[in-house]
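Scroll down for the structure; my scribbles are underneath it.
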Amino acid sequence: MATTIQLHPEFLRRLLGEGGDDVGVQVLPDALPDDLPLTLPELAGTRIWGSTTGTATRWTFVYPGSAQPPTPRPLRQWYVLLDVPGTASGVMGVYRSVLGEQGWQSGTMFEPVFVEAGHQQWMGVHPEASRTLSLTLRQVGDVSQLGLRVQDIGREELGHWLGQPGQPGQPHFDHFQRVPMPTLAAPMGWRVQPQGGNGGTERSENALLVPGEGTATDLEVLLVDFAAHLASQGWEEIEQQATPDHVRLLARTAQGYGFLGLNRLDGVVEAKIVHVALNGGLPGSHLSFNVISS
């Protein structure tokens, strides 16, 4: 049974504004923003839970070779929450098709490796409008819970999102296309908590895999499942190693070598995947990022 609570709008504005960027934040229960910069598919049975909009001040960073100091600038952002009948994969297909007709393209930056079963995510970019979107879907029964975030970005960031090389002073961004990562779906009932990673000639991603209630943390079963995913994406297995608390897989890829490690850790599984490029043509710079997940 649903429970209704009352919250003061000022509390929501401050919460969504993260304590400093609450100017212009709007909370719209059961409605979409009038200025949402895209048109959503019209799917029967869609429920609109609500949306938020706001203007955040973000820094423009200047890289080596530029004489300009970093300056803040206001950029718009929109966030929409919906329930859509259907499978996550089916709803994602419709949304990507409709948004593609409106000029949205797939973004290549920071696509996750470890994902949940019944969970879909798509990162998009609109070059002409200088905007990005993050579309996430989680299937719950016969319904897909949808979250859509759209935000303005600077023109200098477009090349990164489109996977275009040659950004002055930022060679590490080139490798996101040249050293691709696979996608590994955790078994049904497992939750995925991203923990960050690195980008460069040696790309990596870390995650915690949390089993569902009553699910055994059998590392060898997990490895067999993930190995099948890797093989279907061009990773040719070289060897496996296994102990009760650690399993490893080494593979050959089109660009070099890949490694997958799973460690049992206090009721969860610590997962790490690494892809190393050996083509000799890439500089050794790298980019690190961290993800904070609730």
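What are the residues in region 134-168 that are polar (S, T, N, Q), surrounded by 14 or more Cβ atoms within 10 Å (Cβ to Cβ) and either at pLDDT below 80 or not assigned by TED's automatic domain parsing to the domain that holds residue 120 (or both), if any?
To start, the set of residues in region 134-168 that are polar (S, T, N, Q) comprises 134, 136, 139, 144-145, 151, 164, 167.
Checking which are surrounded by 14 or more Cβ atoms within 10 Å (Cβ to Cβ) leaves us with 134, 136, 139, 144-145, 151, 167.
Hit for region 134-168 is 167, nothing else.
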Query raised in the report: Out of (1) closer than 18 Å to residue 276 by Cβ; (2) touching a Ser or Thr at 6+ places or on another chain (Cβ under 7 Å), what's the single condition that is false for residue 236?
Result: (2)
Query raised in the report: In this structure, is residue 226 closer than 17 Å to residue 197 by Cβ, of a type outside the set (Gly, Ala, Ser), touching a strand residue (DSSP E or B) at 6+ places or on another chain (Cβ under 7 Å) and in a helix (DSSP H, G or I)?
Result: yes
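This table checks each residue for (1) over 22 Å from residue 241 (Cβ atoms); (2) under 14 Å from the mean Cα position of the chain (by Cα).
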{"site": "179", "(1), (2)": "yes, no"}
{"site": "184", "(1), (2)": "no, yes"}
{"site": "192", "(1), (2)": "yes, yes"}
{"site": "195", "(1), (2)": "yes, yes"}
{"site": "201", "(1), (2)": "yes, no"}
{"site": "212", "(1), (2)": "yes, no"}
{"site": "218", "(1), (2)": "no, no"}
{"site": "222", "(1), (2)": "no, no"}
{"site": "228", "(1), (2)": "no, no"}
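The values are calculated or read from the model by the stated rules, or taken from the named source; none is laboratory data. Quantities reported herein were computed from a predicted structural model and do not represent experimental measurements. As a convention, Cβ positions derive from the backbone with ideal geometry for all residues, glycine included, and neighbour counts pool all protein chains shown.
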